[in-house]
Amino acid sequence: MAKSQDFAALFERTLDLFRDPGAKGEQKAQFRTLAGLLKREAVTIAVQDGRLWVNSAVVDGATLLQRLEFHSVKEIAISADPPLSEVFELLRVLAEQPGEEDIASRLRGSGTTRVSVRMQTFVFGTPIAPVSASPPPPVPPPAPPPPPSSKEPARDEDIPEILREAAAQNIGFSPAAAATRTTSDLIGQLQEKPDGLHVGELLAILGRQLEAAMKANRTTQALMIVAGIVRAEQQVSDASRRRQYSIALKRMYNKALLEAIAEVANHPTDREDSLLVLRRAGEDGVEVLLDLLVAAPTIEERRGIFMALTGMKEGTDQLVHMLGHHQWFVVRNVAELAGELVLEEAVPALAQQLEHDDERVRKAVALALAKIGSSAAAEPLRRALRDKSPEVRIQAALGVGGRRSAPLAMALVVAMEEETDDAVERELILALGRIGSTAAVQALIKFAQPGGRLFGRKPAALRATAVEALRLAATPAAIGTLEGLTDDGDKQVRAAAQSALADLKRK
């Protein structure tokens, strides 16, 4: 270290600047210089017999001596390379007026571990020891720091600017200095050099910050930490370095973390990071989301969880298994999700629930089967289209659409021939239009025709619905049929055909 006298002068000057609110710029410069000296070596400042000692030498420093005596401080021991936040806190309390708590108690209360203070003890009636010119007795080293989890992490808004600047300008890497930096700074360094020399130390510090963030319910900070680490891990190709990330993430991942992140997975600003973290968790992430899905009381909340699960591929077996749950609302929620995700693997389990006693479950199952729309879903969908409840049959028709549903066209045509409910009949016709396949359009052309002159004439409303479905199909055959219907004898059908062609022309 520099000479004891030089250090005393620097410490004294820095403390004076901490007492001057108008000297921020000079205060920062002095603090950085002081931090640089303390980085290399431990130091002890003591008061004995009215004199100031730095390590084993008596030094001049009347103002510093006066300040220590003012606070009844006997000795200050600072470890080598202490956290800058602890040095800052020492200077801050020395610059203030004495309060009800002494400086030693205040530093302990703030979690300081690398700077220790001993206070003067005053015992009246005891003979005064003779003055000695010998240096003060050796000072025991400060107690080792407590386990990492006991220290609150630094947040951007909590760290004084002087500390951030001092840490940023510290040359070289120091774990103690890194511990004073913000989460965003550490994540930035990790992602800039994901396979750098100090990855292990950075991961350890971020792990401590994560633990404290979870204890304080700061989910946004926790998400920033884990998502940042996962992104850094993705940039690493070296197997041994990837194991380092894997071990760190394994320690961080637990159910409490996943539940907290799942809660914000449907927030627009958090969704990308949340899905990244949950995907990295694999089946454990899916399991947490499924638990939330079971408990979600509203369709809005379930939709948010659907959005989160849509981007995940793991855990399909768990989802399908839940279709056999004993609670009706769980089966309904999972059936809705299976349809949203177009899970063909769920078709057999969905088919089993077509016999469920609760109509709400059967409606969800019918809609899911229609959305999946595969050839495997065709047979169970036919059963749904024969359900005793018109509402179930309508849901089966509403979910059908697009070229993916082409295998379902004939099932809809057969259902049309058996259907007696006008509302269900209308939805079946529109579903054929959304399919738009050759077979579907041929069936619609047949439905749109007037039928026999006397017997077998079709209701105008049914034909108008077929016209609307032909507009949805918009194939050449469908457009040709619409053109032929523009002079149909039925006024309602004629108007519907003219309107459909005008709409297609605009598009």
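The values are calculated or read from the model by the stated rules, or taken from the named source; none is laboratory data. Quick caveat, the model's predicted, so the values are computed rather than measured. All Cβ positions, even for glycine, are placed from backbone atoms using ideal geometry, and neighbour counts span all protein chains on display. In case anyone asks, the SASA skips ligands and DNA or RNA and just uses the protein heavy atoms, side chains included. Shrake-Rupley method; radii C 1.70, N 1.55, O 1.52, S 1.80 Å.
Numerical summary
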{"read-out": "Estimated FRET transfer efficiency when R0 is 30 angstrom, pair H326-D284 (beta carbons, to 0.05)", "value": "0.80"}
{"read-out": "Net charge of Cβ neighbours under 11 Å - reference A46; Lys, Arg +1; Asp, Glu -1", "value": "+1"}
{"read-out": "Shape box of the range 190-256 [Cα atoms, principal axes, largest first, Å]", "value": "34, 22, 18"}
{"read-out": "Separation in nanometres of the label points that stand 7 Å from Cα toward Cβ, at E96 and K193", "value": "3.7 nm"}
{"read-out": "Base-10 log of normalised Debye intensity for the range 378-506 (one unit scatterer per alpha-carbon) at q = 0.14, 0.19 Å⁻¹", "value": "-0.57, -1.00"}
{"read-out": "Gyration tensor verdict on the range 314-441 (Cα atoms; rounded if a/c is under 1.5, prolate if a/b is larger than b/c, oblate otherwise)", "value": "oblate"}
{"read-out": "Full-extension gain in nm, A439 to Q5, via 0.36 nm per residue minus C-alpha separation", "value": "146.5 nm"}
{"read-out": "K507 paired with K388, simple spin-label distance in nm, labels 7 Å along Cα-to-beta-carbon", "value": "4.0 nm"}
{"read-out": "Fully extended contour minus Cα-Cα distance, from Q120 to E359, at 0.36 nm per residue", "value": "78.0 nm"}
{"read-out": "Modelled FRET efficiency - R0 35 Å, A23 with Q234, Cβ distances, 0.05 increments", "value": "0.15"}
{"read-out": "Cα shape, the range 1-106, gyration tensor, a/c 1.5 rule", "value": "rounded"}
{"read-out": "I394, I261, ranked by accessible area, largest first (probe 1.4 Å)", "value": "I394, I261"}
{"read-out": "Per-peptide average of other Cβ atoms within 10 Å, ordering 94-100, 421-427 highest first", "value": "421-427, 94-100"}
{"read-out": "Solvent-accessible surface ranking, highest first, for K363, K388, K74 at 1.4 angstrom", "value": "K388, K74, K363"}
{"read-out": "Modelled label reach - A57, point 7 Å along Cα→Cβ, the range 1-38 residues with backbone N closer than 13 Å", "value": "1-10"}
{"read-out": "Spatial extent of the range 346-418: Rg and Dmax, with the Cα atoms as the point set, Å", "value": "10.7, 32"}
{"read-out": "Cα gyration tensor shape for the range 19-70, rounded if a/c is under 1.5, else prolate or oblate", "value": "oblate"}
{"read-out": "Inter-label distance, nm, simple model (7 Å from Cα along the C-beta direction), H267/Q318", "value": "2.3 nm"}
{"read-out": "Residue-span extension gain [A423 to A495] - 0.36 nm each, minus C-alpha spacing", "value": "23.8 nm"}
{"read-out": "Per residue value of the accessible surface for the range 374-430 (all protein chains in place, 1.4 Å probe), Å²", "value": "45 Å²"}
{"read-out": "Sorted peptide list for 101-113, 181-193, criterion being average Cβ within 10 angstrom, highest first", "value": "181-193, 101-113"}
{"read-out": "Förster radius 25 Å - calculated FRET efficiency between R40 and E69, Cβ distance, rounded to 0.05", "value": "0.30"}
{"read-out": "Protection-proxy order for peptides 229-237, 242-250, 443-451, each taking the mean of Cβ atoms within 10 Å per residue, highest first", "value": "443-451, 229-237, 242-250"}
